[in-house]
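Every read-out reported here was derived from the displayed coordinates using simple, explicitly stated rules and does not represent laboratory data. In this text the structure is predicted, and so the values were computed from the model without any measurement. Neighbour counts are summed over all protein chains in view; Cβ atoms, including those assigned to glycine, are modelled from backbone coordinates with ideal geometry.
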Amino acid sequence: MELSDEALVLACRRGDTESWEILVQRYQRLIYTIPRRSGLSEDQAADVFQLTFARFLEKINDIDQPGRISAWLATTAKRETWRISRRSRTMEPLPGSNDDSDESSELPDNAPLPDEVIIRLEQQHAVRVAVASLDERCRVLLNLLFYQKEPPPYAEIADMLGVSEGSVGPTRARCLKKLQRLLTE
């Protein structure tokens, strides 16, 4: 059974390094995606990632709602993205100030991410966590059906799962209901 965010944060407060590693692993994709979608480089995104978890470590005892740590981490990552983005804009030469500025039309938009994008990233993360907590058969089936560019035909899926082709659809329905239940909890 997967530990809740609240349980992990409380364990981190007690110095449990395993819980810390689980939290970092659980939210690394979400936190890294925020600066990358804002147009920051990989190095800058890594800085945002490190700064976000450093702030988390500094403030771990002050977080009022440990169960909402994903929102806290996303907000912190967004703020660090803004800081780094502002700092890098003040250090970059203006477009047209040197002779090799032909790429100025390809400059990334360093504007902060809209809140809707953050919400969508959090939702995607919640779905990934819920899928990961499903039993193996459901996890494999949903990955085959929804995480592939081209989902394989039911006959191939049935062979992979070792079931009859006619049971793939009903199994899919049951797995989606389990997933929906996990997401509404």
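Summing charges over neighbours of Ala11, with a neighbour being any other residue whose Cβ is under 15 Å away from its Cβ, gives -3 when K and R count +1 and D and E count -1.
Once the C-beta distance of Ser164 and Asn143 is scaled by a Förster radius of 22 Å, the resulting FRET efficiency is 0.65 to the nearest 0.05. Could you work out how far the C-alpha centroid of region 21-66 sits from that of region 167-185, in angstrom? Taking the Cα centre of region 167-185 as reference, the centre of region 21-66 is 31 Å away. Relative to the Cα centre, the charge distribution of region 134-185, modelled as +1 at Lys and Arg Cβ and -1 at Asp and Glu Cβ, gives a dipole magnitude of about 280 debye. Note on Val131, Val9, Val163: ascending count of other Cβ atoms within 10 Å places them as Val163, Val131, Val9, the fewest first.
In region 134-185, taking the dipole from charged Cβ atoms about the Cα centre, the farthest positive-side position among Ser167, Tyr147, Gln180 is held by Gln180.
Can you list the lysines whose alpha carbon is less than 29 Å from that of Lys149, not counting same-chain residues fewer than 8 positions off? List returned: Lys177, Lys178.
Here's the list of lysines a cross-link from Lys59 could span, going by alpha-carbon distance under 23 Å and ignoring same-chain residues fewer than 8 apart: Lys78.
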